[in-house]
Structures are given as C-alpha cells and as structure tokens.
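Quick notes on the structure that follows.
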Amino acid sequence: MSAVPETPAAPSRPTVTEREARQVAEAAREQDWRKPSFAKELFLGRFRPDLIHPHPLPADEDVRRGEEFLAKLRDFCETRVDGALIEREARIPDEVINGLKELGALGMKIDTKYGGLGLTQVYYNKALALVGSASPAIGALLSAHQSIGVPQPLKIFGTREQKETFLPRCARTDISAFLLTEPDVGSDPARLATTAVPDGDTYVLDGVKLWTTNGVVADLLVVMARVPRSEGHRGGITAFVVEADSEGVTVENRNAFMGLRGLENGVTRFHRVRVPASHRIGEEGQGLKIALTTLNTGRLSLPAMCVGAGKWCLKIAREWSAEREQWGKPVALHEAVGSKIAFIAATTFALEAVVDLSSQMADEDRNDIRIEAALAKLYGSEMAWLMADELVQIRGGRGFETADSLRARGERAVPAEQMLRDLRINRIFEGSTEIMHLLIAREAVDAHLSVAGDLIDPDKSLGDKARAGASAGAFYARWLPRLVAGPGQLPGSYGEFKHGIDLSPHLRYVERTSRKLARSTFYAMSRWQGRMETKQGFLGRIVDIGAELFAMSAACVRAELLRSRGDHGREAYQLADAFCHQARLRVEELFGRLWSNTDDLDRKVVKNVLGGSYTWLEDGVIDPSDDGPWIADATPGPSTGENARRPIR
C-alpha cells in the first residue's frame, strides 16, 4: 500500500457552468421507461385509470405481519416515548433508541433473511406515520436510516457480500446516515468537493459534509465523494459505505434547528479516511444515479409522516372546535373556521390516498413510480404545512403558545406550534419544493425531449436537427390529435364511481384537464424552445396542476376501494368529493397563472435588488446577525474540534 502524503494539497472545488451542471444531473437520472407510469401518462394528456383502478392491495400475509408490528409499535410509542421530553431536551433518550432496536424498527424494510422485518412499503409508511406522530424526531431518525441510509442503496445496488456484511447490522444494532450535501453544495452535486483518491485496494476520503441526518449517532455512513479520473479509474461521483468510527472521521458539530429538535444532524469531516474498495457501492461514477434511484421510493417516507400530521391536525381541530364557543355556538359552526376544518379533513384523506397508492405500486413493482413518489413528496410536504398552519389559526392564541406553557397554566398541552415548526423542514428535506418542481418537470417532458430535444439544443448540428425534426413530426402527428377529445367529454364515462355521491364528474375533469395540461406544455415548448428550462415559474405551475390531478385520481380510487369493502364508503365518497371540488378551484387558478403572471416583472425586480437599487428600502432596521461568513470554510484537513459523535449502545 503506497503512502499518503502527510499534508495533501487541498483539492480545488470543481468549477462548472450551468450547462455542465445540468449535464451531470441528466447523466445521473434514469433514462429509460421500462414500465408504465400513471403520472407520466397524465402529463402527456393520457388519463390511464387502468393503471391504478381497481386499487392494488397487499397480500394477506403482508397485512398480517404489518398489522402485528403496528400493534407492537403503537404500544411502544404509547408507553415508552415521551414526545414532550424529546422536545424539551432536544434529544431522543438512548433507552428509546435501544427499545426501537429491540423492537426491530431499524430493520422494517430489510429482508427477513438479513434479520429484518421485511415489511412492505405500505406498512413501513404506516409505521412512520404512527411513530412520527409520537415524535417527529424519531420518525426522521428511522426514515433517514432506512429510506436513504445504508439499507436502501445496498438493497438495490449492493453486492451479495455487502448485503451479508452490513444489512444484519442495520436491521438490529447499527444506525446509518446518508452524506451528500456540503457547505457549498446543495442540489448542485456537480460541484461536489469531497474526494476519494484510489490508493491500492482502498480509497482515501477527504472533505466536509453538512446536514448529516443521523450523522451524530450513526455507526455506518453512505458517503458521496468524487473519485479523480486516472489510469484504471473512470472517476466521478461515487458512493461508499464508511464505518463512522474510522480514523479521521470527526463529527464537528451537532446542528440545532427551528423544529425536529431531537434530530441528530451534524457536520462531519473526513481527513485521510481509508475506505476499502470492497465498500464501494456500484461502480465509480454511479454515485448520483444510486442516490436518485434510492430516492425514488425513499421519498415516500416524508409524505407518510405528513399523513400522520394531517390526521393529528384533524383530531385536534375537531375536538377543540367542538369545545370552544363564540357568539353562542361552537367555532366549528362558524363558516370561517368550518372551511379550514373541511380543508384539513379532505386533504388528509387525499394525501393518505396518494401515499397508499404510490406505496402499493412500489410494492407491486409493476409501474415506474419515480414521478408518483416525487409528486407525493412535493404535495405532501406543501399540504401538511398548510394544514398545520390552519390548525394554529383555528386554535388562535393557544396555537401560538407552547405545550409546556399551556400545561403550566392548567390547559391541555397541545403542541400545535411545534407541529408547524417540525413540518417546515419537509419542504426542504430530500429535495426542496423548488428542486422537486424542476425534477418532476424534467420527467414530465421526457417524451418531448426524446423526440425533439435536438431541435432546441444549440450544440447540435443541422443534420442532427433535421433528423430530430423528422422524428418529432411523426410523434406529434400521432400525439396531438389525441389531445382534442376523450372520455372526459362523455357524460357516462367512469360511471362505476357513482354511488349516491357521484365522483365520475371529477374523473372526467381529470381526463379533460390532463389533455389541457399537455397542450399547454406543448405550446410552451414551441414558444420558448431552448429557454423552456429557464421558465421555472411556469414549470412549477405545470407540476402543481399535475400533482392536484394525481391527488384527485388517488382520492376517487381510494373512496371506491373503501366503498367496495364496506369500510366507511359513504364517508370516503364525501371526503373525496369535497377534496376534488377544492382541488379543481386550485387547478383553475394555476391554469390562469400559466399565462397571466408577474414572472417577467419579478425578474426585473430581482436584478435591481441584486444590483443595489433598493438598498434604501432596508433603512430603519437593525440586523441582529453576526458578521460571520455566509458559508463555512470546508477546506480539507484535520479536524481541530472535539468529536461530537455519540454512538448509541
């Protein structure tokens, strides 16, 4: 083994253009569509209820095992988890984490042959919703460990030896974390600075990782690092499993946040950390693909916990609004408050429908759900935040007051303000709302770029453009006429969704609107061509319309499932009907804003803000921030601070 220089030269952070960054992201995404996708078809103007209806169901044995575990988990949460204590002390007690290990909660998604519980995605998500309602910090710990930590990428990309080595540990004893973000690298991994230099049969890691969820207590880490290109090494961003107690690994800080106060999230430094080549996941250069593929189903954990939040918001809103009286009647019966309760109830129903449908499709593996999972994450995080905000408003001053303060003066300790704080991060975690808009939009227009991408690519030759023009002409000659008419214009379509309450008009609306959405997307591509990717406001609204249509479809299909099983069918139809009416109003507003908006004016204002034209507007205030750097120094080298790592044993 060759020696590593005692003080290696600090690698310079990669300098990339916007185009190069996009090319890196494009190379990492899954290129092919080998299986059907309901959401992809929806964005293309093809409403395919056959892909989701009848609603897929889990196998009886999966239900039995899942329900047995949920019962044990509920008992554990009710008897051994003190959410208020975790909030006050900003830490999950070791005995709680050890209890979760004994329960098998670390191995919910790990196959039984490796010591896990082998739960389906459906029951894994139900478990996260349950435990997350007891303590969102615990939900985050379990989710980060299994959804994006070591188990999921090894399940998909790991070798037999890696699975046999690491999965039994992850199932029972070892907590894992996922390390991608750096102080100056967020959703633009092309600028990743952490390096993994090949040295014999090992790699030597150097760099700093930020916001390492579970990183403070983790035993195993999934680390993304850049391998330099050299003889025998293709190089590129690569994934590694790293032992957290390896020499040179230092947790330099345990971060604190406005919410999720028990979150074990930190800053981790790697200084000449040796990692065996056998711990590399996949091939060199596959790291981003591994990360994105892992997130295809991993993203479902966040909306699952948002479902739990919605259920809790509904419970508190119902109980409080029936108890609290104003002007001679319960506040729930005042329309201003009642509309908020109706929104919470209908949205919770629809969000659960989206998560359960996406999860069951993930379990069956018949459909490609990369767009569905991304839509679930986007929609769930945004709607859960709105529901929690409405609950705080319904509670009034008590909603703004902490649970401890309420308890101290003799009232029920309802942590509504904590729920609002805890949920806020979901709009940023695992892809911010803005990034999710762009990610989903890219997948939604994939069919167009596949046939016409060369036409709008400035780097393509005239010959390439000519060939692309011929291909595009053939595609659009077949596709465009199908956007003119469809089942949504026939009064009898989807009649199987009429049982007392008639949901068929909503599905006809989805069918008509999906065609309108596809026409709008095509017009925008024709109008803006290569500049389409810069129209982020437009693309965000396109995606939001698709999210509403997906949620409407899922809500109707779930209502029909519950009716067919005699399980609150009438009430489910009522909730689905209410949700669809609410969603249709939002869709119409979004369509109006596609072409009538302030996007161009906003861009001018932004340029003036950055140019200093409005600094006079900032007069009259005091900035309480200190004068530290906006972005911390992440120069590779030895750590100078105390190791804040806290393994749980």
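Structure data summary
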item	result
T348 accessible area, assembled protein chains, probe 1.4 Å, Å²	10
Computed over the stretch 221-356: relative contact order in percent, which uses C-alpha pairs under 8 Å that are six or more apart	20
Reachable aspartates and glutamates, given that their alpha-carbon falls under 15 Å from the alpha-carbon of K35 and they are not under 8 places away in the same chain	D50, D363, E364, D365, D368, E372, E443, D446
Environment charge at A413 (Cβ cut-off 9 Å; Lys +1, Arg +1, Asp -1, Glu -1)	0
Accessible area of H279 in the full protein assembly, 1.4 Å probe (Å², nearest 10)	30
Bridge type composition, the chain - antiparallel percent by DSSP, nearest 5	90
Cα gyration tensor shape for the stretch 432-527, rounded if a/c is under 1.5, else prolate or oblate	oblate
Linear extension gain, K113 paired with L490, 0.36 nm per residue minus alpha-carbon span	130.5 nm
In sequence order, calculated HN-Hα J values of the stretch 534-542 (Karplus, 6.51, -1.76, 1.60; Hz; x Gly/Pro)	8, 8, 5, x, 4, 4, x, 5, 4
Probe 1.4 Å - accessible area at R645, Å² to nearest ten	60
R0 of 35 Å, Cβ-Cβ distance S461-R482: FRET efficiency to nearest 0.05	0.65
Prolate/oblate/rounded label for the stretch 299-360 (Cα gyration tensor, a/c 1.5)	prolate
Gain upon complete extension [E247, E102; 0.36 nm per residue less C-alpha separation]	49.3 nm
FRET efficiency for S596 and D404, using Cβ-Cβ distance with R0 set to 60 Å, rounded to 0.05	0.80
Average accessible area per residue (Å²) across the chain - probe 1.4 Å, nucleic acids and ligands excluded	45
Net lengthening on full extension, R603/R88 (0.36 nm per residue, minus Cα-Cα)	181.1 nm
Two-site label geometry, D199 and E589: point separation in nm, points 7 Å out along Cα→Cβ	5.7
Estimated inter-spin distance, E68 and Q326, nm [label 7 Å along Cα→Cβ]	5.0
Whether the stretch 310-406 is rounded, prolate or oblate, judged on the alpha carbon gyration tensor where a/c under 1.5 counts as rounded	prolate
Listed residue (F400, I52, L300) projecting farthest to the positive dipole end of the chain, Cβ model	I52
Residues whose placed amide H lies under 5 Å from that of F178, excluding near-sequence neighbours	T213, V222
Neighbourhood charge, 10 Å Cβ-Cβ cut-off, centred on V484 and excluding it, Lys, Arg +1 and Asp, Glu -1	+3
Solvent-accessible ranking of V197, V451, largest area first, probe 1.4 Å	V197, V451
Cut-off under 5 Å, modelled amide H: who pairs with D199 long-range	V204
Heavy-atom accessible surface of the stretch 502-649: percent carbon and sulfur, 1.4 Å	52
Label-point separation in nm, S526 to R412, each point 7 Å along Cα→Cβ	5.7
Local electrostatic count at E164 - Lys and Arg +1, Asp and Glu -1, tallied over other residues with Cβ under 13 Å	+3
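The values are calculated or read from the model by the stated rules, or taken from the named source; none is laboratory data. This structure is a prediction, so every number in the text was calculated from the model and none was measured. As a convention, Cβ positions derive from the backbone with ideal geometry for all residues, glycine included, and neighbour counts pool all protein chains shown. In case anyone asks, the SASA skips ligands and DNA or RNA and just uses the protein heavy atoms, side chains included. Shrake-Rupley method; radii C 1.70, N 1.55, O 1.52, S 1.80 Å.
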